[in-house]
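First up is the structure itself, then whatever we jot down about it.
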Amino acid sequence: MGFPRGRRRLVMVVAALLATAAVAVVVHRVLAPAEVSTVARGDYPAPARPPAGVIGRLPVAPLIVDARLRVYAAHRQVYADRPVDGRYRTSPYWSYRRWPAELTGIVASGSTVVSRWSDGQLVALDARTGGVLWRADGPKPAPTSAVVRRTRAATVWEPRGLRLADLPGGRTVLVVSGDAQARGVELRDGRELWRVDLPGSCRSDVGTAAGQLIGLDRCAGPATIEFRDALTGVVRERWRPPGGSSDELVVTPLGCRTGQSDCLALRTAGPGDAGGRGWLLGAGAPVAAPALDPAGAVLVGEQAVVVLDGVAVGRSARTGAELWRSADLGAARVLAAQPGRVHLLTEVNDLVTLDPVTGAQLSRFPLNVGSDGTGWAPGAVAVADGYVAVERLRKPVDPDGDDQRYYYTGEALILAAT
């Protein structure tokens, strides 16, 4: 004996509604915005002091944080491992993951790591624990057609639209920009200090220097460099190199503390410039620094270092006076610089580190690990706290090749202490 027809229909409707509700719950759990924070369980490691030499190889680009951790980027995750001088990547010390947003950049200052996401969200993490310090809304990142390769070096070492500006008194401002807007955020607590509208893709960021955000504006008339106060968001000065009237101006930051943050100088180049012109930055207008004119010159503190005709030369960036020269390196190029060190790479991939003040050789060794060899070309490079990380690319370099063709090995990053 079955249910009456009306009751049977009611049962079927209720069952369908329950099934729909169950599916909705599953879909919500899978697709709803979420975050997973896995904090550290062990002690915060002490700074390492490894001897000069190759430490090991890594599959993804490390951001050295507080001289204690390596922080990495994944598609939807930022995570850290330890020790900083470990030969290989290890299990995460802490991890932070968001869904469905994608990670677009990370920067760090002291023990604070700030991550930026595709929905514009900014999340600051405590490097000591991985715990969330604060969250803030920021402008959505500008769209880009750039290929994100497997090492994610650009995400970690040169994040677009995400920079730090140190101010007097120990304050640091996080400057975040997209196509249509820029914001200044207090690094300590995530408080918004200012926001301004931007004209669009005809304007681009260059870096930060002397407490200012530097931008290149091509929107109306000749290309102009603007200096925006990082604390207030107000444009304090607009400047063009003397004699420059072209929209083809190229501006390169020099002497930066990390990435394109807290830089000490610029090199500008336009049609007719042999290599470019160097300019020291400060509170006023840029000051000409001919020692920084040659392409490939780097700035370390007050010293400009460049390799000319096979000879490494150190000069005073302010006066141009020669301080030292080193002619016994063989064929070499300047690879990177950091406070107290300038790094050169020879044609056989020896890493040579010099004191930028005296030219004294601090270390020299081949960038080789295991049986990998040195028959590779250098790609992206990052330096911090005495460490050097270099992408190794397959020769001949094919910028359009897939990752397997582009990189020298599966673990494409080599990490060294100098």
Item to check | Lone unmet requirement of (1) closer than 27 Å to Pro399 by Cβ; (2) touching a Phe, Trp or Tyr at 6+ places or on another chain (Cβ under 7 Å); (3) touching a residue at least 40 places away in the same chain (Cβ under 8 Å) for Arg98 | outcome: (1)
Item to check | Residue list for the range 289-307, filter: of a type outside the set (Gly, Ala, Ser) and within 11 Å of Trp279 (Cα to Cα) | outcome: Pro290, Leu292, Asp293, Leu299
Checklist outcome for this item: From the option list Ala416, Ala384, single residue qualifying as of a type in the set (Gly, Ala, Ser) and open to solvent by 10 Å² or more (accessible area, probe 1.4 Å) is Ala384
Checklist entry - Taking the condition over 14 Å from the mean Cα position of the chain (by Cα), touching a residue at least 40 places away in the same chain (Cβ under 8 Å) and surrounded by fewer than 21 Cβ atoms within 10 Å (Cβ to Cβ), does Asp189 pass? => result yes
Item to check | Residue tally, condition open to solvent by 20 Å² or more (accessible area, probe 1.4 Å), in a loop (DSSP other than H, G, I, E, B) and either closer than 18 Å to Ala108 by Cα or hydrophobic (A, V, I, L, M, F, W, C) (or both), over the range 118-131 | outcome: 2
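Residue-wise test of (1) open to solvent by 10 Å² or more (accessible area, probe 1.4 Å); (2) assigned to a loop (DSSP other than H, G, I, E, B); (3) acidic (Asp, Glu); (4) farther than 25 Å from Gln77 by Cβ.
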| site | (1), (2), (3), (4) |
| --- | --- |
| Ala142 | yes, yes, no, no |
| Thr155 | yes, no, no, no |
| Leu174 | no, no, no, no |
| Arg195 | yes, no, no, yes |
Checklist entry - Which members of the range 125-162 meet the condition of being of a type in the set (D, E, K, R), touching a strand residue (DSSP E or B) at 6+ places or on another chain (Cβ under 6 Å) and over 21 Å from Gln260 (Cα atoms)? => result Asp126, Arg135
Item to check | Hey, Thr252 out of contact with any Asp or Glu (no Cβ under 9 Å at 6 or more places or on another chain), touching a residue at least 60 places away in the same chain (Cβ under 8 Å) and polar (S, T, N, Q) or not | outcome: no
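Here's the yes/no breakdown for (1) open to solvent by 30 Å² or more (accessible area, probe 1.4 Å); (2) part of a strand (DSSP E or B); (3) more than 27 Å from Glu248 (Cα to Cα); (4) of a type outside the set (D, E, K, R):
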site: Ser115; (1), (2), (3), (4): no, yes, yes, yes
site: Leu133; (1), (2), (3), (4): yes, yes, yes, yes
site: Val147; (1), (2), (3), (4): yes, no, no, yes
site: Arg160; (1), (2), (3), (4): yes, no, no, no
Checklist entry - Taking Ser326 and the conditions (1) at pLDDT below 95; (2) open to solvent by 70 Å² or more (accessible area, probe 1.4 Å); (3) farther than 28 Å from Gln212 by Cα, which numbered condition does it fall short on, given that it satisfies the others? => result (2)
Next on the checklist: I'd like to verify a number: residues in the range 361-373 that are of a type outside the set (A, V, I, L, M, F, W, C), over 22 Å from Ser326 (Cα atoms) and surrounded by 15 or more Cβ atoms within 10 Å (Cβ to Cβ), how many?
Outcome noted: 2
Checklist entry - What number goes with the only condition from (1) touching a residue at least 40 places away in the same chain (Cβ under 8 Å); (2) of a type outside the set (Gly, Ala, Ser); (3) under 27 Å from Gly221 (Cβ atoms); (4) surrounded by 19 or more Cβ atoms within 10 Å (Cβ to Cβ) that Gln181 does not pass? => result (4)
Checklist entry - In this structure, is Val60 in contact with a strand residue (DSSP E or B) (Cβ under 9 Å, 6 or more places away or on another chain), outside any loop (DSSP other than H, G, I, E, B) and closer than 21 Å to Thr258 by Cβ? => result no
Checklist entry - Would it be correct to say that Ala331 is open to solvent by 20 Å² or more (accessible area, probe 1.4 Å), closer than 30 Å to Leu264 by Cβ and at pLDDT below 95? => result yes
Next on the checklist: Name the single residue that is modelled with the highest pLDDT among those in the range 240-280 being open to solvent by less than 70 Å² (accessible area, probe 1.4 Å), assigned to a loop (DSSP other than H, G, I, E, B) and of a type in the set (S, T, N, Q).
Outcome noted: Gln260
Checklist entry - So which residues in the range 394-408 are open to solvent by 10 Å² or more (accessible area, probe 1.4 Å) and either within 21 Å of the chain's Cα centre (by Cα) or closer than 13 Å to Leu367 by Cβ (or both), if there are any at all? => result Pro399, Asp403, Tyr406, Tyr408
Checklist entry - Pick from the range 289-320 the residues that are in a loop (DSSP other than H, G, I, E, B) and open to solvent by 50 Å² or more (accessible area, probe 1.4 Å): which of them is farthest from Thr268 (Cα to Cα)? => result Asp309
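The values are calculated or read from the model by the stated rules, or taken from the named source; none is laboratory data. Note that the structure is predicted; figures quoted are calculated from it, not measured. No Cβ is skipped: glycine too gets one built from the backbone with ideal geometry, and neighbour counts run over all protein chains shown. The accessibility values were calculated without ligands, DNA or RNA, using every heavy atom of the protein model including side chains. Shrake-Rupley method; radii C 1.70, N 1.55, O 1.52, S 1.80 Å.
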